[in-house]
Amino acid sequence: MIRKRILPLLAVSVMTIAAAALLSACGSLGKGQGKPADVTEQKATDTDSAALQAVHFVHRLDDYRPKKDHYNFYFTYKTVHPWWDAVALGMEDAQRQYLENGITVTYEYMAPPAASAEDQTARLLQAKEAGYDVIGVDVADEAIISPLLDELSDSGCKVMTFSSSDASEGCKRIAYVGNTHNYEDGALLTEALCKKLDYKGKIAILVGSKGAPCHEDRAKGAMDTIATYPDMEIVAVEYDMDSVDIAYDLTAKILADHPDLDGLVCCNMSNPVGAAKAVTEKGSNAVIVGMDHDREALHYLKDGVIYCLGVQDCYSIGFNTLQVAVMIADGNLPGELYPEKTDETTTIIYQKDASTMLEMLYGDIS
Amino acid sequence: MTKKNISNRTFVITAAIGSALITVILILNTLWASRQTIKATDEAVSAVSSFYLNAMANRRARTITNLINNNFDQMEKAVDVIRDEEIETQEELRSSIGMIKSLLSLSRFALVDEDNVVYTQYTTYTGGSRHEFLAEGELNGRTISTVYLYGSSKQLCLAIPADFKAMGKSIKACFVQIDIRDIVNLLAFDDDQESTNFGLYSKNGGNLSGTELGPAVSDKNIFDITKGSVPEKDWLRFVDDFARERAGSLNFTVGDTKETLCYEPVQNTGWELVVLIRDSVIRDQIHSISEQNLSITKYQLTFTLIVTAVFASILLLEARIIARKKLEAEQENSRNLRSMATTDSLTGVGNKHAFSEAELELNPKIMAHEIDKLAIVVCDINGLKHVNDTLGHAAGDQLIRDASDLISRFFVHGSVYRIGGDEFTVLLQGEGYDTMQTVIDRFNRTAEENIRKDAVVVSIGYAVLDPSDEQLHDLLKRADQMMYERKRALKQMGAKTRD
């Protein structure tokens, strides 16, 4: 009987939280320039509901009425990876909702097996000739890709950036939907590590792809944070090129070179998995902080090998990317309808949140 | 051994106590039988529910297997159709996929090329990291996997190898994804949803279907919920059954509630279909039936008691009536016997015994001079011997009856007794005494007339109570004297006599 009374209340509470989060997400879409994640606010999410707040699955299309009944887009991202599969699910949700409203949205969502600016360049040049309504790009290397985006824009293509990496400042792309606070995310994770280590010790930093803005920004945020504490020292900075195996090898090497390593800052999705694997095998006590929601990483978090993870709301990124793409295709520029940069949230989750997150994202599979 | 008379009261008390005892025994027996039935039913519930659940789990697991096989068959047909279309552009491919989805009622239908690029009706994407069956490299035959859609629903993915060209690319596989919630809706065909729950579970006990397996398990991991609620050995067997895709059952208790669940592997999926029923549901239903039966029995018992009481009352009433009639008959019989003892059987008037009783009753009063009006008339039939001798005793008896009638007719207010063969006496008191002389005169005249008519002639003499009389016999003697005189007188008139 008590359970029967509590369950509806719990359900209402969860729905209320979800609704509030949805309103918050929708609100951010229409407020113009995105803001970096609020570090204080994110620390406040260090509660039991942090996992529930990290990703928002309930989205509805906004009130914008598309001008056409069919759109065809092309999206390309850095590399084939589960992180972007989550973005794809958000896109598909939006596509289904448009279809329910009588609007057909077709698109390609393509990436190479390994991050490559050259591959991305080739794909974009091919897309340029195909007459897509909008071309969306998760920038593999801002130095190489940004000029190409300008070229596409100059040729009449409508170009936007999305997910983890924007183009360089001044690029002619129309808008960006994704994480706008990678530097702050890096700083936030590192701050949590420093506090855990009582602001002293040797730290190694693992980065993803060289030139990938999101990874580089996080690494810079980490370095700047560590630099503020005199008793902390960075002993290594390595790039795994978004490969778990490389991350493992690099960590093993770092541990061999610095057996007294106190902590590891991991700036992408593959870093923490490889690092945790190596730390476990080598019997190290190094504290790991990292990014994203890889299933293995969540299990390491659950087991206490990883201290905390910064989880980005990939689902919302995908959903909002498609909405903004439709608006751009209709000729709308950033302003009232959508901001030039649509900010998406990052939430720090800890060991106590791991089970909930595993259940939410992976159906509690072991 | 002394025999005691059984009174009506004793009979009634015995009957009442007997009835009460029978009633109490009947009630206790009924209650005992009801409780025994409920107890026996409780014991049967577990066995029944296990049997019931096994059948239900097996049926539902087979339904899913059929669904899977049907989808595989449809996919193979779909591949054949698309292969024959010789598709050149992405638009044509999307159009064909849409047509196949619509025709074969497939939900998510997609093709995969040699580079792991996935083609659906609306999207084209690189799916190497998204689909489990693509991670395994080459696809050998029908492949079943479970897809956990990031944060939302879970789906069943069915894939088959393909080998044809489209848009110049080699298509190596096709697959469909079916939302597990749709499978659950398909399974929810029984009308017993309120009392049974079912769910689909992964090998690690995770809930795939999103259905609540009763309030105790809800949609949580079934291993987590049952751990600690059953002996460790049973729990480990339960976990092992899931890992090895075996069927089985488990009883566990949460709070005061005993739960029974049965599980059946769904072929080739790695899933276990679990059906749960709360023993209390069956027990409550059977209890409800038992209560209804008990209630009916109570009504029947009450009705029986009322009918018994009514019949008992009727029987008692009838017994009283019979007893009363019997008493009245006995009284009548007694009266008859008494009457027979004091009545002359030939004439119906009092006999000598009756006269003696009357004499015994009167003598003390005569002695005490308590009676002032008393007379006695002595009567003697003339010629009885002659009739007997000449006409037979039947004629003689008739003569006696005629004489008795004559006497009784005249001495209406007197008591008539036959005290001898041809002798009668009449006791006169009250009005009989007051009218005595007139009646005697008329009687004598009649006697004289009867001489001429050759009818019965009776000689009478009488005597009235004299103060010197001490007993009735004194009057009788004087009356006898007068009667003999009268007899002689009548003889002279022609009446027949003994001589």
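The values are calculated or read from the model by the stated rules, or taken from the named source; none is laboratory data. Values in this document were obtained by computation on a predicted structure and should not be read as measured data. Every residue, glycine among them, receives a Cβ derived from its backbone with ideal geometry; neighbour counts consider all protein chains shown. Accessible surface areas use protein heavy atoms only, side chains included; no ligands, DNA or RNA. Shrake-Rupley method; radii C 1.70, N 1.55, O 1.52, S 1.80 Å.
Descriptive notes on the structure:
- Residue satisfying condition, being more than 14 Å from every other protein chain (Cβ to nearest Cβ) and modelled with pLDDT under 80, within set B:21, B:26: B:26
- Flag if residue B:68 is away from every other protein chain (no Cβ under 14 Å), under 60 Å from the mean Cα position of the chain (by Cα) and surrounded by 18 or more Cβ atoms within 10 Å (Cβ to Cβ): yes
- Residue within segment A:162-170 that is modelled with pLDDT of 95 or more and either farther than 30 Å from residue A:273 by Cβ or assigned by TED's automatic domain parsing to the domain that holds residue A:317 (or both) present: yes
- Test result for residue A:106, within 7 Å of another protein chain (Cβ to nearest Cβ) and over 15 Å from residue A:177 (Cβ atoms): yes
- Elements of the type strands (runs of 3 or more DSSP E) sitting completely within segment B:378-482 and holding at least 2 residues that are open to solvent by less than 40 Å² (accessible area, probe 1.4 Å) and either farther than 19 Å from residue B:496 by Cβ or out of contact with any strand residue (DSSP E or B) (no Cβ under 8 Å at 6 or more places or on another chain) (or both): these cover B:414-418, B:423-428.
- Restricting A:253, A:302, A:352, A:341 to residues that are among the basic types (Lys, Arg) and closer than 19 Å to residue A:203 by Cβ narrows the list to A:253.
- Close Cβ contacts (under 8 Å, 6 or more residues apart or on different chains) running from residues in segment A:174-202 that are more than 15 Å from residue A:346 (Cβ to Cβ) to residues that are basic (Lys, Arg) comprise A:174/A:158; A:175/A:341; A:176/A:341.
- Taking the conditions (1) over 22 Å from residue A:269 (Cβ atoms); (2) not in a helix (DSSP H, G or I) in turn, residue A:324 satisfies each one other than (2).
- Scanning segment A:326-366 for residues that are under 19 Å from residue A:90 (Cα atoms), within 13 Å of another protein chain (Cβ to nearest Cβ) and open to solvent by less than 40 Å² (accessible area, probe 1.4 Å) gives A:357, A:358, A:360, A:361, A:362, A:363.
- Of the residues screened, residue A:265 is not one that is touching a Ser or Thr at 6+ places or on another chain (Cβ under 7 Å), open to solvent by less than 40 Å² (accessible area, probe 1.4 Å), in a strand (DSSP E or B) and closer than 30 Å to residue B:200 by Cα.
Results for (1) more than 13 Å from every other protein chain (Cβ to nearest Cβ); (2) hydroxyl-bearing (Ser, Thr, Tyr); (3) under 21 Å from residue B:90 (Cβ atoms); (4) touching an Asp or Glu at 6+ places or on another chain (Cβ under 9 Å), shown as yes or no for each residue.
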| site | (1), (2), (3), (4) |
| --- | --- |
| A:88 | no, no, yes, no |
| A:111 | no, no, yes, yes |
| A:128 | yes, no, yes, yes |
| A:135 | yes, no, yes, no |
| A:145 | yes, no, no, no |
| A:153 | yes, yes, no, no |
| A:156 | yes, no, no, no |
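- Subset of segment B:198-225 that is hydrophobic (A, V, I, L, M, F, W, C) and open to solvent by less than 20 Å² (accessible area, probe 1.4 Å) - its residue that is farthest from the other protein chains (Cβ to nearest Cβ): B:198
- Scan of segment A:343-361 for residues that are outside any helix (DSSP H, G or I) and within 13 Å of residue A:52 (Cβ to Cβ), ordered by number: A:345, A:347, A:349
- Out of B:319, B:341, B:329, sole residue that is touching a residue at least 60 places away in the same chain (Cβ under 8 Å), small (Gly, Ala, Ser) and in a helix (DSSP H, G or I): B:319
- Residues of segment A:287-316 that turn out to be charged (D, E, K, R) and in a helix (DSSP H, G or I), as a count: 4
- Test: residue in segment A:262-277 that is at negative phi, β-branched (Val, Ile, Thr) and free of Cβ contacts under 8 Å to residues at least 60 places away in the same chain: yes
- Of the residues in segment A:202-213, at least one is open to solvent by less than 50 Å² (accessible area, probe 1.4 Å) and in a helix (DSSP H, G or I).
- For residue B:485: the one exception among (1) open to solvent by 30 Å² or more (accessible area, probe 1.4 Å); (2) in a loop (DSSP other than H, G, I, E, B): (2)
- Residue A:134 meets each of the listed conditions (1) free of Cβ contacts under 8 Å to residues at least 40 places away in the same chain; (2) in contact with a strand residue (DSSP E or B) (Cβ under 8 Å, 6 or more places away or on another chain) apart from (1).
- Scanning segment A:289-319 for residues that are over 13 Å from the mean Cα position of the chain (by Cα) and either open to solvent by 10 Å² or more (accessible area, probe 1.4 Å) or among the charged types (D, E, K, R) (or both) returns A:295, A:296, A:299, A:300, A:302, A:303, A:304, A:305, A:307.
- Selected residue [open to solvent by less than 90 Å² (accessible area, probe 1.4 Å) and at pLDDT below 85] from B:321, B:296: B:296
- Helices (runs of 4 or more DSSP H) within segment B:71-189 that include 3 or more residues closer than 24 Å to residue A:98 by Cβ and either open to solvent by 10 Å² or more (accessible area, probe 1.4 Å) or away from every other protein chain (no Cβ under 14 Å) (or both): B:90-104
- Tallying residues that are over 13 Å from residue A:265 (Cβ atoms), at pLDDT 95 or above and among the basic types (Lys, Arg) within segment A:196-236 yields 1.
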